Amino acid sequence: MAVGLTRQGAANFQYTLQAPWPDMKQQIKPDPASGDLIYTVAVPWSRLANYVPKIGNQFAFNIIINQNEHSARIGWIQFTPGIGIGFITTQFPMWSIIGNNPAAGLRLGGLAAPNQGTISFTLPTPHGQLVIHNGGMRTITLQIDGAPVAFGPPGIKLAPSGDTSVDISRYVHAGTNTVTASAVGVTKAGAAVLAFFQ
């Protein structure tokens, strides 16, 4: 399935049907701050091979962004391998459905974000869970309301790829919490997403 900005506006096209999905929604508009185009897409679950969304279920999903000029593709960026050439679904990343929205999220590293950052969030009770989705960070060091927490040698074991989950209730309190994070990547492209849950 493809989504693009056409002369008639944002549109989608499904290759198997050779037609658009009328019940799919898409919006493409510039970010007022940067001028970059922001793509927002909503695909009904019923269109995804009758997949039934359920907490804990996983599914494979991938995305590619093509750069076309004069009716020819001159380049692309893929989320992970498997989609640019050949559509090899075994290389698609696995996604999990979680039971609640995170209280906050922070991305570290990669080619689009710095290897350090600070975030504040409010919790109604002194309980919290941190899930680190790691994509190439060797170590991650946090200060949660002033208390140090280290992941990777010699701290808490950090999965080199995938999720590391830890209860951070002893570090947080009801009200506003502040987290400062820094990371060291295996390569310059190493990245991690930190998701904080109540």
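Okay, here's what the table says:
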read-out: Contour excess over end-to-end distance, with Cα ends at Thr40 and Trp21 and 0.36 nm allotted per residue; value: 5.3 nm
read-out: Paramagnetic reach from Ser169 (point 7 Å along Cα→Cβ, amide N under 11 Å) across segment 107-132; value: 126-129
read-out: Whichever lysines have a C-alpha closer than 28 Å to that of Lys157, once near sequence neighbours (fewer than 8 apart) are set aside; value: Lys188
read-out: Reduced Cα scattering model of segment 47-148, Debye log10 I(q)/I(0), q = 0.17 Å⁻¹; value: -1.09
read-out: Peptide ranges 114-120, 181-187, 95-101 listed from the most packed, as the mean C-beta count within 10 angstrom indicates; value: 181-187, 114-120, 95-101
read-out: Spin-label model distance (nm) - Ala11 vs Thr141, 7 Å beyond Cα toward Cβ; value: 5.4 nm
read-out: Segment 1-117 - percent relative contact order, Cα under 8 Å, separation 6 or more; value: 14 percent
read-out: Contact order relative to length of segment 59-128, as percent, for alpha carbon pairs under 8 angstrom and 6 or more apart; value: 22 percent
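Values in this text are rule-based calculations from the coordinates and carry no lab data. Fair warning: this is a prediction, and the values are worked out from it, not measured in the lab. Don't worry about glycine lacking a Cβ; one is built from the backbone with ideal geometry, like all the others, and counts go over all protein chains shown.
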